[in-house]
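The values are calculated or read from the model by the stated rules, or taken from the named source; none is laboratory data. Given the structure is predicted, the values throughout are model-derived calculations rather than measurements. Here the Cβ positions follow ideal geometry from the backbone for every residue, glycine too, while neighbour counts run over all protein chains shown.
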Amino acid sequence: MPTSLVILADTHVPKRARDLPPALWAAIEAADLVIHAGDWVDVSLLDEIEARAERLVGVVGNNDGAALRARLPEIAADVVDGLRFAVVHETGQADGRERRMDAAFPDADVLVFGHSHIPWDTVTPAGMRLLNPGSPTDRRRQPTGTFMTAVADDGRIRDLKLIAVGPRGESLSGHSIEA
């Protein structure tokens, strides 16, 4: 059975924003699985997402304190509709990332990561998909905040979209990404 996904990272609530954008909350409530790649900042956001999401897989980031570290791992792994996911906050510098991640996560089909706040979608030499959804609340050098949606379906990821979030939290657009 296909599984709808919301992929996010680097939410930094309440330091960078008071709350997640409404478009993201709507996506979270509609998804079968939410994947969060760290830098929550406050445990209250974890509680809120757990309450509103069907299912959540998350990890801690470098800005997450003891309360979050007590509840979340640094690395998570899960199989979703035949796809082997790994989730981690940091992967190091962009140069050489694909080969390093092949060595670090040899059993993953998809690696979700965060930290840079910059969307990323590549395929490693071994065929692993690397996804960074950017940040929905702290766009840094990007034109807008972002998150991703996708579908895990029979061992494949399909319908991957990078969703741009406007200054008032509205969804500006979603464009398909093909690796």
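Quick notes on this structure:
- The sole residue among Leu24, Leu83 that is in contact (Cβ under 8 Å) with a residue 40 or more places away in the chain, surrounded by fewer than 21 Cβ atoms within 10 Å (Cβ to Cβ) and among the hydrophobic types (A, V, I, L, M, F, W, C) is Leu83.
- Residue selected from segment 133-164 under the condition within 15 Å of the chain's Cα centre (by Cα) and of a type in the set (Gly, Ala, Ser), by the criterion farthest from Leu45 (Cα to Cα): Ala152
- Every residue from segment 125-154 that is more than 24 Å from Pro2 (Cα to Cα) and touching a helix residue (DSSP H, G or I) at 6+ places or on another chain (Cβ under 7 Å): Pro125, Ala126, Pro136
- Residues of segment 108-118 satisfying the condition of being assigned to a loop (DSSP other than H, G, I, E, B) and under 20 Å from Val80 (Cβ atoms): Ala108, Asp109, Phe113, Gly114
- Looking only at segment 92-112, and only at residues there that are among the aliphatic types (A, V, I, L, M) and either modelled with pLDDT under 95 or closer than 19 Å to Gly61 by Cβ (or both), the one that is surrounded by the most Cβ atoms within 10 Å (Cβ to Cβ): Val112
- Test for Asp64: is it touching a strand residue (DSSP E or B) at 6+ places or on another chain (Cβ under 7 Å) and within 18 Å of Leu8 (Cα to Cα): yes
- Criterion (free of Cβ contacts under 8 Å to residues at least 12 places away in the same chain, surrounded by fewer than 23 Cβ atoms within 10 Å (Cβ to Cβ) and small (Gly, Ala, Ser)) met by exactly one of Ala51, Ala30: Ala51
- The single residue among Asp64, Asp78 that is closer than 20 Å to Ile28 by Cβ, surrounded by 21 or more Cβ atoms within 10 Å (Cβ to Cβ) and among the acidic types (Asp, Glu) turns out to be Asp64.
- Evaluated against (1) more than 22 Å from Leu162 (Cα to Cα); (2) part of a strand (DSSP E or B); (3) not polar (S, T, N, Q), Asp121 falls short on exactly one condition, (1).
- The criterion of being buried (at least 17 other Cβ atoms within 10 Å of the Cβ) and either within 15 Å of Ala150 (Cα to Cα) or out of contact with any helix residue (DSSP H, G or I) (no Cβ under 6 Å at 6 or more places or on another chain) (or both) does not hold for Asp19.
- Positions within segment 140-158 being closer than 20 Å to Ala26 by Cα and in a loop (DSSP other than H, G, I, E, B), in sequence order: Thr144
- Test: residue in segment 59-67 that is touching a residue at least 40 places away in the same chain (Cβ under 8 Å) and more than 16 Å from Phe147 (Cβ to Cβ): yes
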